[in-house]
Amino acid sequence: MNLIFLGPPGVGKGTVAKFVMEKKKIPQISTGDLLREEIKQDTELGNQAKSYMDSGQLVPDELIINFLKERIQEDDCKKGFILDGFPRTVPQAEALSEIDHVIHFLANEETIIQRLSGRRTCRKCRAIFHIKNIPPNVEGVCDKCSGELYQRADDQPKAIKKRLEVYEQQTEPLIDFYKEKGLLKDVDTEKPLDGIFKDVLVALK
Ligand code: AP5
């Protein structure tokens, strides 16, 4: 089952992807996480991507498309995958084939800004928390692996604003792109996570 999770930054794609990954036993492929790992490893791609990411802009298609295509050729993707954060432009979407469902996550802008500005992520296992909505048991410490929780550089107000603009201009056209293919399923995320998980599983039937 090949899935795309589409939606604005901070809507909850990563949070839901981790749940679906466990349920369906297919990997979550977050291009944002992969790029952050490249930065950490100080690779050429990481160095090229960093300034785009920190300022909230998209990494150019020519850097990301082949990188993603190579990743989905790996053995763990044989039974399917969840693309979380890819595609984000029409050329990226055109580079993909054999997609079964596109889940389109919706929330209003106020909710998105609240979610992004309170997000904390584990440096070690990448678990996602929120200081108010989904707080860890001990402040600053991951419940799952005791790793350190940190705030992403692009979760600052200026970069959040830029990411929302970029989403509207470059990624929203994909809604019609996938609607025309009959693949798009809307999921409202203005509700507690349990309800969202249920709605996503129904959409995948
Ligand atoms: P990326 O890492 O993909 O960031 P994003 O799309 O902006 O998405 P986020 O990770 O910010 O949000 P999310 O929807 O996963 O929300 P989450 O589950 O964390 O990309 C970062 C950058 O990398 C891009 O700006 C770009 O530069 C580059 N990049 C990546 N892919 C690229 C590509 N394909 N092409 C070009 N460039 C690319 O949830 C957010 C918060 O809300 C959390 O705190 C969570 O706990 C909380 N929360 C979630 N759901 C709920 C709920 N239902 N109720 C209450 N709180 C909730």
- Message: Considering only residues that are more than 7 Å from the ligand (Cβ to nearest atom) and open to solvent by 30 Å² or more (accessible area, probe 1.4 Å), which ones fall in the range 11-35?
- Response: K18, F19, M21, E22, K23, K24, K25, Q28, L34
- Query: Within the range 104-140, which residues are over 27 Å from D186 (Cβ atoms), away from the ligand (no atom under 11 Å from the Cβ) and in contact with a Gly (Cβ under 7 Å, 6 or more places away or on another chain)?
  - Reply: C122, R123, K124, C125
- Task: Those residues that are open to solvent by less than 40 Å² (accessible area, probe 1.4 Å), away from the ligand (no atom under 11 Å from the Cβ) and under 16 Å from F5 (Cβ atoms), I need them from the range 36-81; list them, please.
- Result: I72, C77, G80, F81
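The values are calculated or read from the model by the stated rules, or taken from the named source; none is laboratory data. Just so you know, these numbers come straight off a predicted model, no measurement behind them. Glycine gets a Cβ as well: all are built from the backbone with ideal geometry, and neighbour counts include every protein chain shown. Surface accessibility is based on the protein's heavy atoms, side chains included, excluding ligands, DNA and RNA. Shrake-Rupley method; radii C 1.70, N 1.55, O 1.52, S 1.80 Å.
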